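Comments concern the structure below.
The values are calculated or read from the model by the stated rules, or taken from the named source; none is laboratory data. Not measured: the values here are computed from a predicted model. Note that we place each Cβ from the backbone using ideal geometry, even for glycine, and neighbour counts take in every protein chain shown. What goes into the accessible areas is simple: the full protein's heavy atoms, side chains included, and nothing from ligands, DNA or RNA. Shrake-Rupley method; radii C 1.70, N 1.55, O 1.52, S 1.80 Å.
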Amino acid sequence: MFATDDSIVAIATPPGRGGIGVVRISGAGARGIAGVMLARPALEPRRATYTRVRVDEVVATYFPAPHSYTGEDVIEISAHGSPVVLRAIVQQAIDAGARLAEPGEFTLRAFLNGTRDLIQAEAVGDLIAAATPLQARVAFDQLDGTLTRRIRDIDAELFEVITRLEASLDFPDEGYHFIEPAETARCIGAVVGSVDALLAEARRGRMIREGATVVIAGRTNVGKSSVFNVLAGSDRAIVTPVPGTTRDLLTEQVDVDGLALTVVDTAGWRATTDLVEREGVARANQARGVADLVLLVLDQSEPLTPEDGQLLQDTASHTRLIVANKCDLPGRLKSAPTTGTVMEAGAVVGATSVVGTTSVAGATSVVRTTSVVGADFSRPISVSAKTGAGFDDLRRAIVCALTGGESLKDSVAISNTRHVALLVDARESLLSAQRAADAGATPEEFVLTDLQAARARFDDLVGTRTSEDVLRHIFERFCIGK
Amino acid sequence: MSRFDVIVIGAGHAGVEAAYAAARLGCSVGLCTMSRDTVAHMPCNPAIGGTAKGHLVREIDALGGLMGRAIDATGLQFKLLNRSRGPAVWSPRAQADKRLYAAWVREAIDREPNITWLVGKAGRVLVEHGRITGLAMEDGDRHDCAALIVTTGTFLNGLIHIGDEQHPAGRHGEPPSRELADSIKSFGFETGRLKTGTPPRLHRESIDFDGAVRAGAFAEECGDAVPVPFSFDTTEAPRNQIRCWLLHTTDRVREIVRANLARSPLYNGRIQGIGPRYCPSLEDKIMRFPDRERHQIYLEPEGLDVDEIYVNGFSMSLPRAVQEALVRALPGLEQASMIRPGYAVEYDFVQPTELKSTLQTQRIDGLFFAGQINGTSGYEEAAAQGLVAGINAARAIRDEAPFTLARDEAYIGILVDDLVTRGCLEPYRMFTSRAEHRLLLRIDNADLRLTPLGREAGLVDDRRWTRFAARRARHERNQRTLDTTRAGVLLRRPGIRLRDLLDRGELALDLEPSSGDLEVATLENDVKYAGYLKQETLRAQRLRKQERRRIPDDFAFARVPGLSREAVQRLSQVRPETLGQASRIPGMTPAAVAVLGVFLDRPLTPLTPPAPLTPPASN
Ligand SMILES: Cc1cc2nc3c(=O)[nH]c(=O)nc-3n(C[C@H](O)[C@H](O)[C@H](O)COP(=O)(O)OP(=O)(O)OC[C@H]3O[C@@H](n4cnc5c(N)ncnc54)[C@H](O)[C@@H]3O)c2cc1C
Ligand SMILES: Nc1nc2c(ncn2[C@@H]2O[C@H](COP(=O)(O)OP(=O)(O)O)[C@@H](O)[C@H]2O)c(=O)[nH]1
Ligand SMILES: [Mg+2]
């Protein structure tokens, strides 16, 4: 897998039938192999050439090293997108001396040949896996080096402080003041600020990259399944007037304004003796536990029941939205004496969402998402699953609640949990250094150990220093031909 | 014609440590020098130590070497640099009486029954079947040996520049080594050319120091009130016996340098060798840092009753008359007269990537290089290498395992590792910032870190070992006292000083008076910065596994798939001994290191058999 002295070949387009399909060959021998395969072997660099292979007419393009995806000589052959044709072309390349590429091997070669750093290599994986345009854009930005650049900028800032501190230690007799203690703390503070700015995007970035789970909760018959169906745009959940129809969990992947959401419909909550249904209720509770967001559905055509009250309490610690369904019917929720509970519970929700803690891969960051603009979680959102009224508002509210209210149109540099965890680590070290420098009593050498530790994290991030295990893990995630 | 286990060429700072160590380990040693008058000579500043260099001396001493004891016995003014900073960057520095220092070392060598002086000029290195067999002197004498340590400093094809004058010389007044240079080069070692320089020396009598101090031209520089010795073996605190003086360059100095730049071999292209960036010549200071209005100059006596005054910070290679004018342009030196002008010297060095961590060459068994020949500069760097080479030469002869120190164990380890993995593009000097685990590598714990290793290697005698054992026990007792008493808890608070607690009798510790309060400081810092120290220890442990993963001697880098041709070439040349070393080779990408790591545990599928290395021609 780590060999780069042979040439590799694979189908680069998705499996299945397509308008066209691309076969990619990379390696020092790529040109020679293409020469054997193609009817017109002389290819001009970076020019699409119309020619033939044994089984099809194709367009071949030659990307000479090092200005190719892998940093090696690359030949791309576009043929008609039949799997049979493409496989035959691959076979022809193998016959001519190429080897079938292993998963991720093209990107691995790009990394080994230094045309991409670790962040970019990971981003290729993300880009390929992207399910929403937003995911694709974030991945593309990283591929483009946006994150790398930002880390390098921060690192350069940090490096400046480090050098000046080191200089004052190694050249004490020079009569220079390389850096004053107060300035040290200020400079470190600035670096922390830059890291924070990056981390502030992390929650949003993670949502975009990894999506979120939205669980629909509520007592039976308030219209959960109906809401689910509207959100999912399908009739997957069985909707009946008989309470307790949905006994299991139903999930659907939905793209809401660019966010990849897994929406989960649950069994309604009611004291039940039915075994199957009880199991369903248990699962519903479980699902709520892992939810990024809970949609608590109430039936606004009826007064609040004790079960509603119970659920309002149970979900109060969650990030949640209260959905008042059946707004096409006369509202009786408002006139109910228990409305106050809704408002109160809502207020609590609002508070918990504003100061969210993002927990990633065991590292808990204390990132405060910036204040939520235009989001008022305390107010129930009126919808009608029957008419579709209010669902635009609901979608907006869902996105807002999940992303901390920031526009998804803004660029996000960071989305990968590995990156976030390393940044959080770096931040800890920086803060510790800043505290020490601020107090003024701790000698520079101690401040420096923390600063060096932070710098090592940046190195880990960009991949200038990483263990082979991390690498293996990253490259194993790829599928063939990318 | 005589036979030795080990022959050392050169009795500079590297040579004497190498000879002494090998002799103490029971080898018969021939110490070859052109003259017994230049043993352990200081051709440049009359001082030992300084930031990071002071650490090296403490480590040399902890391992049983000479340098620490020599400077304690003959130093004239002692200072602990960075005293206002943390304990890890405290570095001792001392002005030496250069004659007494050399005499002390020569006597120490004379007392070693295993060392024989070979006075004369070494000419050719004798090799058979890739192994050292002996040394041929220029006068035709031959001496057999199993190991040869070359420590010839700046002498290989040395060329001195003073203005337009050029003359071949190893250093002032001493002939260069050409035949030896040719002999070494004939084995195909990669060599390069470096340059260093030294300032003019002034007549002490021509300077009115007190008058200049009164006039405000000089500021007096005194030693520490409580001098800290270099050696763990020194029981009597050294005394300060001299003053030095600080002054600053003037606008006139700048003008003279600028006006005469074309006459400086550094600036008119005559000097090809690369000089140390951290020790710039006056020409460089003025031209490269035009914004800096003035530069510091120190006047340092070269001995108690020597005439020479060393003008620290004023090294240059301008013509003699210009140097004279420059000296007199300094405030307070208007009447000064010059004994000797400063000069620059160019010399050949061998790329230390040719060496293993034992400082033995990869090409020839039994051949070792140590000191400035390896591209370093400085007495301390040279001495440290001499010690490592001496120990390893003795061990190699007996087929014993190499003696190497890791980067988290000693600055000496860092020095050797940097040299053999990275090579030199400019003269190499030690800095504390080269240490990844600086907090652990302190001057106060150098003995705790290294004396047990020195003992194991056989360099620490019984007397010294007993003393060390007592010191370690005392130290541990003191630590326990601090751990278990209220005073220890109190000490954690900022602003509470251990010295005060001791003085007020709130706490009693068992302290060594001659340590110059270093022990107090150590104990205090261990308490105050316990968190940092623990963290650093953990960090070092975590890295150690990866760092020390061994690469077999015969590992075929060429057969690791995925390594670029340049990487293979670099790896095969440097022959890193661990994965950690591989990662530090310049130009090695993290990807290449990762790939190497993967294939360290896997059998390599033979591709094409690697071309056999051409065996070196033997002389
Ligand atoms: C002009 C000058 C300026 C310097 N400036 C600085 C400075 O600014 N900062 C700094 O850190 N260091 C400086 N140094 C370097 C410092 O002096 C050396 O790094 C250190 O002394 C090197 O020690 P060594 O043992 O390697 O070699 P040396 O101390 O040079 O010893 C070499 C020995 O080898 C002997 N020798 C050489 N050839 C032969 C032969 N063929 N046969 C027998 N014996 C031989 C010589 O007689 C000598 O005794 C300077 C050196 C010089 C000469
Ligand atoms: N009028 C009206 N009826 C609704 C609406 N949403 C759901 N219903 C009806 O309410 C009943 C229960 O719906 P269902 O989605 O199965 O509720 P669940 O038990 O919470 O999943 C069904 O008869 C639905 O047709 C709505 O918005 N307006
Ligand atoms: Mg249902």
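Data for the structure
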{"read-out": "Solvent-accessible area buried by pairing B with A, both sides, nearest 100 square angstrom, 1.4 angstrom probe", "value": "2900 Å²"}
{"read-out": "Förster radius 60 Å - calculated FRET efficiency between residue A:95 and residue A:387, Cβ distance, rounded to 0.05", "value": "0.45"}
{"read-out": "Cα-projected label distance for residue A:431 with residue B:190, points at 7 Å along beta-carbon direction, nm", "value": "4.6 nm"}
{"read-out": "Net charge over other residues, Cβ less than 9 angstrom from the Cβ of residue A:37 (K, R count +1; D, E count -1)", "value": "0"}
{"read-out": "Cα shape, segment B:549-599, gyration tensor, a/c 1.5 rule", "value": "rounded"}
{"read-out": "Sum of side-chain charges, residue B:503 neighbourhood, beta-carbon under 12 Å (Lys, Arg +1; Asp, Glu -1)", "value": "0"}
{"read-out": "Gyration tensor verdict on segment B:1-49 (Cα atoms; rounded if a/c is under 1.5, prolate if a/b is larger than b/c, oblate otherwise)", "value": "oblate"}
{"read-out": "Heavy-atom accessible area order for B:145, A:187, largest first, 1.4 Å probe", "value": "A:187, B:145"}
{"read-out": "In sequence order, calculated HN-Hα J values of segment B:382-394 (Karplus, 6.51, -1.76, 1.60; Hz; x Gly/Pro)", "value": "5, 4, 4, 5, x, 4, 4, 5, x, 4, 6, 5, 4"}
{"read-out": "Cα gyration tensor category, rounded, prolate or oblate, for segment B:283-325 with a/c compared to 1.5", "value": "oblate"}
{"read-out": "Accessible surface ranking that places the most exposed of A:178, A:458 first, with a 1.4 angstrom probe", "value": "A:178, A:458"}
{"read-out": "Heavy atoms of residue A:50 accessible to a 1.4 Å probe, total area in Å² rounded to 10", "value": "130 Å²"}
{"read-out": "Accessible area per residue, Å², segment A:8-110 with all protein chains present, probe 1.4 Å", "value": "45 Å²"}
{"read-out": "Around residue B:428: net Lys/Arg minus Asp/Glu count, Cβ-Cβ under 13 Å", "value": "0"}
{"read-out": "Cross-link reach list, lysines versus residue A:386, counting only Cα pairs under 19 Å and skipping chain neighbours closer than eight places", "value": "A:224, A:326"}
{"read-out": "Separation between Cα centres of segment B:7-45 and segment B:49-127, rounded to whole Å", "value": "12 Å"}
{"read-out": "Helix-derived mean residue ellipticity, 222 nm - over chain B, DSSP H n ≥ 4, -39500 (n - 2.57), to 500", "value": "-10500 deg cm²/dmol"}
{"read-out": "Under 5 Å, built H, 5+ apart or other chain: amide partners of residue B:149", "value": "B:7, B:8, B:9, B:368"}
{"read-out": "Peptides B:356-368, A:250-262 ordered by average Cβ neighbours within 10 Å, highest first", "value": "B:356-368, A:250-262"}
{"read-out": "Euclidean distance of C-alpha centroids, segment B:452-510 and segment A:34-111, integer Å", "value": "71 Å"}
{"read-out": "Translational diffusion coefficient (Stokes-Einstein; Kirkwood radius from C-alpha pairs) of segment B:1-92 at 10 °C, 1.306 mPa s, in µm²/s", "value": "108 µm²/s"}
{"read-out": "3J(HN,Hα) from dihedral phi, segment B:346-356, Karplus parametrisation 6.51/-1.76/1.60, rounded to Hz, x for glycine, proline", "value": "9, 7, 7, 9, 9, 4, x, 5, 6, 9, 8"}
{"read-out": "Residue B:241 long-range amide H proximity, modeled H, under 5 Å", "value": "B:77"}
{"read-out": "Long-range amide H partners of residue A:327 with built H, under 5 Å", "value": "A:383, A:384, A:385"}
{"read-out": "Heavy-atom accessible area ranking, 1.4 Å probe, most first, across B:35, B:186", "value": "B:186, B:35"}
{"read-out": "Rounded accessible area per residue of segment B:201-346, 1.4 Å, Å²", "value": "44 Å²"}
{"read-out": "Using θ = phi - 60° and Karplus 6.51 cos²θ - 1.76 cosθ + 1.60, couplings along segment A:392-401 (whole Hz; Gly, Pro as x)", "value": "4, 4, 4, 4, 4, 5, 4, 4, 4, 5"}
{"read-out": "Residue B:456 accessible area, 1.4 Å probe, all protein chains in place, Å² to nearest 10", "value": "150 Å²"}
